[in-house]
Structure formats: C-alpha cells, structure tokens
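For reference, the structure is listed below as structure tokens.
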Ligand code: SF4
C-alpha cells in the first residue's frame, strides 16, 4: 500500500479568498481572516478528490499536494525561498 499525499499551502502566495475551503470542506477550514487551516492527515480517496479540486481552483496556485511517503516538500516553493535566502552575487 502506498502512502497518500498531504495537502499544503504556501501561505505567502495565498490571498485568503477561501475558495479552497468551499471545494475541500473536509480538509480545509478558515481562520477569521479567511486564510486556510489545512488538516494535516494523509489524504483519503475522498479527500484526495477534494484536494485536487482545490489545487486546480486556487487562483494564486498556493495549494499543492506533497508526497505522503517521503515527507519532502515540492521543489518550487523551496527553490523560491532558497533564491531569497542565497541571492546570486553580482
Ligand atoms: S483558494 Fe488559494 S488563495 Fe484562496 S484561500 Fe485557498 S489557498 Fe489561499
């Protein structure tokens, strides 16, 4: 049996519109400003469909699904943080 992924949010990219909470109500609730609070549990067959719908609909591309087995974060958000932390010398 393969480990299922987990839904994550790049809170810096997120605008707090909460479209995701409507599409993935079993996974996402919102704080008082409308920013998502995501259930950390591995996705199930049902919540995986909700998570995929939320990822697709997010206007800021702030949602992503990480590999449930490795615990690794996806490369794009990490690369962005690394670029800011280690600017290329001119
Ligand atoms: S849909 Fe995207 S931008 Fe809107 S609250 Fe959810 S994660 Fe943030």
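No lab work stands behind these numbers, since they all come straight from the coordinates. All values derive from a computational prediction rather than experimental measurement. Note: ideal-geometry Cβ built from the backbone for every residue, glycine included; neighbour counts use all protein chains shown.
Considering only residues in the stretch 45-63 that are near the ligand (Cβ under 7 Å from one of its atoms) and assigned to a helix (DSSP H, G or I), the one that is nearest to residue 4 (Cα to Cα) turns out to be 54. Selection within the stretch 23-35: residues that are near the ligand (Cβ under 8 Å from one of its atoms) and assigned to a strand (DSSP E or B). The member of this set that is surrounded by the most Cβ atoms within 10 Å (Cβ to Cβ) is 28. For the stretch 1-44, residues that are touching a residue at least 40 places away in the same chain (Cβ under 8 Å) and more than 17 Å from residue 65 (Cα to Cα) total 2. Only a single item in (1) surrounded by 13 or more Cβ atoms within 10 Å (Cβ to Cβ); (2) more than 10 Å from the ligand (Cβ to nearest atom); (3) within 12 Å of the chain's Cα centre (by Cα) is not met by residue 38, and it is number (2).
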